[in-house]
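*Asks:* I have a structure here, written as structure tokens, and I will follow up with some questions on it.
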Amino acid sequence: MIGLRPLFELAADVAAPQITPQGPYGTRRFIPVTGGRFHGERLSGRLLPGGADCQLIRPDGVAELDVRVTFETEDGVIFLMKGLGLRHGPEDVMRRVAAGEPVPASAYYFRESMIFEAPAGRYDWLNRLIAIGQGERRAASVHLALFEVL
């Protein structure tokens, strides 16, 4: 039986999206991550600037999320998170999200799956798990609650 264990919550600060509109597959958004924090029972620290969420907004309105970000733990260990996800909802709700208006996470679907790359040592257990997360987009940040899949 599959179970879930809280891994950490994160708040990623993001810059304005760079948009390539109406390409052959949809609209592309490149959203730089400029920093942030994460906190959990087993690890905490900060998000490093330089990561990004590369999104494809499909013709059906669904955003395909492709995220690469780096973290630094409180004790100085750097690791990578790769995430793939989907975000969608009613057209009026997604328009409000895109405009940076406050919209409760329960009003739309925002889920991601993640894997990690950590160096040998204290956090190498991250290399052997899959995490899932539920997110919320805010005006200048993204908030995710991540859970280890047992």
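*Asks:* When the residues of region 13-27 are filtered to those that are assigned to a strand (DSSP E or B) and among the small types (Gly, Ala, Ser), which remaining residue is surrounded by the most Cβ atoms within 10 Å (Cβ to Cβ)?
*Replies:* Start the filter on region 13-27 by keeping residues that are assigned to a strand (DSSP E or B), which leaves 13-14, 18-23, 26-27.
Retained after the next criterion (residues that are among the small types (Gly, Ala, Ser)): 23, 26.
Details: Gly23: 10, Gly26: 19.
For region 13-27, the residue satisfying everything is Gly26.
*Asks:* Within the group Glu72, Glu112, which residue is assigned to a strand (DSSP E or B), touching a strand residue (DSSP E or B) at 6+ places or on another chain (Cβ under 6 Å), open to solvent by 20 Å² or more (accessible area, probe 1.4 Å) and not β-branched (Val, Ile, Thr)? Give the derivation first.
*Replies:* Details: Glu112 fails: open to solvent by 20 Å² or more (accessible area, probe 1.4 Å).
Exactly one of Glu72, Glu112 is assigned to a strand (DSSP E or B), touching a strand residue (DSSP E or B) at 6+ places or on another chain (Cβ under 6 Å), open to solvent by 20 Å² or more (accessible area, probe 1.4 Å) and not β-branched (Val, Ile, Thr), namely Glu72.
*Asks:* When Arg28 is evaluated against the numbered criteria (1) without any contact (Cβ under 8 Å) to a residue 40 or more places away in the chain; (2) in contact with a helix residue (DSSP H, G or I) (Cβ under 8 Å, 6 or more places away or on another chain), which criterion, by number, is the only one it fails?
*Replies:* (2)
*Asks:* Might you check whether a residue that is under 16 Å from Ala139 (Cα atoms) and aliphatic (A, V, I, L, M) occurs anywhere in region 22-32? Write out each step before concluding.
*Replies:* Taking region 22-32 first, the residues under 16 Å from Ala139 (Cα atoms) are 29-32.
Narrowing further to those that are aliphatic (A, V, I, L, M): 31.
There is at least one residue in region 22-32 that is under 16 Å from Ala139 (Cα atoms) and aliphatic (A, V, I, L, M).
*Asks:* With respect to Leu4, determine if the residue is open to solvent by 80 Å² or more (accessible area, probe 1.4 Å), modelled with pLDDT of 95 or more and closer than 18 Å to Glu112 by Cβ. Before the answer, list the steps.
*Replies:* Details: open to solvent by 80 Å² or more (accessible area, probe 1.4 Å): yes; modelled with pLDDT of 95 or more: yes; closer than 18 Å to Glu112 by Cβ: yes.
In short, yes.
*Asks:* Still on this structure, please answer the following. Go through Gly83, Gly45, Gly61, Gly35 for me and flag whichever is in a loop (DSSP other than H, G, I, E, B) and open to solvent by less than 70 Å² (accessible area, probe 1.4 Å). Full working, then the answer.
*Replies:* Numbers: Gly83 fails: in a loop (DSSP other than H, G, I, E, B); Gly45 fails: in a loop (DSSP other than H, G, I, E, B); Gly35 fails: in a loop (DSSP other than H, G, I, E, B).
Exactly one of Gly83, Gly45, Gly61, Gly35 is in a loop (DSSP other than H, G, I, E, B) and open to solvent by less than 70 Å² (accessible area, probe 1.4 Å), namely Gly61.
The values are calculated or read from the model by the stated rules, or taken from the named source; none is laboratory data. Just so we're clear, the structure is a prediction, and the values are computed from it rather than from any experiment. So basically every Cβ, Gly included, is an ideal-geometry build from the backbone, and we count neighbours across all protein chains shown. Remember, those area values only see protein heavy atoms, side chains included, never the ligands or the DNA or RNA. Shrake-Rupley method; radii C 1.70, N 1.55, O 1.52, S 1.80 Å.
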